[in-house]
Amino acid sequence: MIEVVAAPGDLERDAILAPLVAFNDAAVGPTERHPIAILIRADDGAIVGGLWGMVSYRWLFVQYLVVPASMRGHGHGSALMLAAECEAKRLDCVGLWLDTFSFQARGFYEKLGYGCFGRIDDYPPGEARFFLSKRIS
């Protein structure tokens, strides 16, 4: 039976992911899956931005990078990415990868040495999604 779930949650995700992880681990060996969080805090301690990622198969996937508009242009994004690269090296990663939209920060990542390895046009319509990576070892 095939079922479309109107409001899927962690239960459905985990049920789908478990056999996929088992299959992948059987094919290439198990991997450590390690979340990464590098934060930007305001003077009052509130989290106002940062970087969220996941290490697996010796690569760090940068899933989210946010610098508040008021803090942009002061090196915070570069500092977050440098910290992520240092953490990836500490965890013996081969490299980092990420995706960004055409209206976001492709040029920023390319200035940091990331190269584009893929793109999806019209995602969202009229724009593009880019996939970038950087080897560090």
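The values are calculated or read from the model by the stated rules, or taken from the named source; none is laboratory data. Predicted model, so just to flag it, every value in this text is computed and none were measured. As a convention, Cβ positions derive from the backbone with ideal geometry for all residues, glycine included, and neighbour counts pool all protein chains shown. Accessible surface is based on the protein model in full, side chains and every heavy atom, while ligands, DNA and RNA are left aside. Shrake-Rupley method; radii C 1.70, N 1.55, O 1.52, S 1.80 Å.
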Sum up the charges of everything whose Cβ sits under 15 Å from the Cβ of V5, counting Lys and Arg as +1 and Asp and Glu as -1, but leave V5 out.
-3
³J(HN,Hα) across segment 76-93 via Karplus (A = 6.51, B = -1.76, C = 1.60, θ = phi - 60°), whole Hz, x for Gly/Pro?
5, x, 4, 5, 4, 5, 5, 4, 5, 5, 5, 5, 4, 5, 4, 8, 6, 7
From the square roots a ≥ b ≥ c of the eigenvalues of the alpha-carbon gyration tensor of segment 46-137, which class results: rounded (a/c under 1.5), prolate (a/b over b/c), or oblate?
oblate
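In percent, how large is the relative contact order of segment 1-98, given Cα pairs closer than 8 Å and 6 or more residues apart?
Normalised by residue count, the contact order of segment 1-98 is 20 percent.
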Ignoring everything but the protein chains, give the 1.4 Å probe accessible area of Y57 in square angstrom, nearest 10.
80 Å²
Please give the net charge around G115, taking every other residue with its beta carbon less than 14 angstrom from that of G115, where Lys and Arg add +1 and Asp and Glu add -1.
+3
Given H placed on each backbone N at 1.01 Å, which residues far from F101 in sequence or on other chains put an amide H within less than 5 Å of it?
F130
Probe radius 1.4 Å, ligands and nucleic acids left out: which of E87, E32, E127 has the largest accessible area, and how do the rest follow?
E32, E127, E87
I'd like to know which of G113, S70, G50 lies farthest towards the positive end of the charge dipole of segment 29-137, counting +1 on Cβ of Lys and Arg and -1 on Cβ of Asp and Glu.
G113
Taking segment 1-57 on its own, what percent of its Cα-Cα pair distances exceed 19 Å?
57 percent
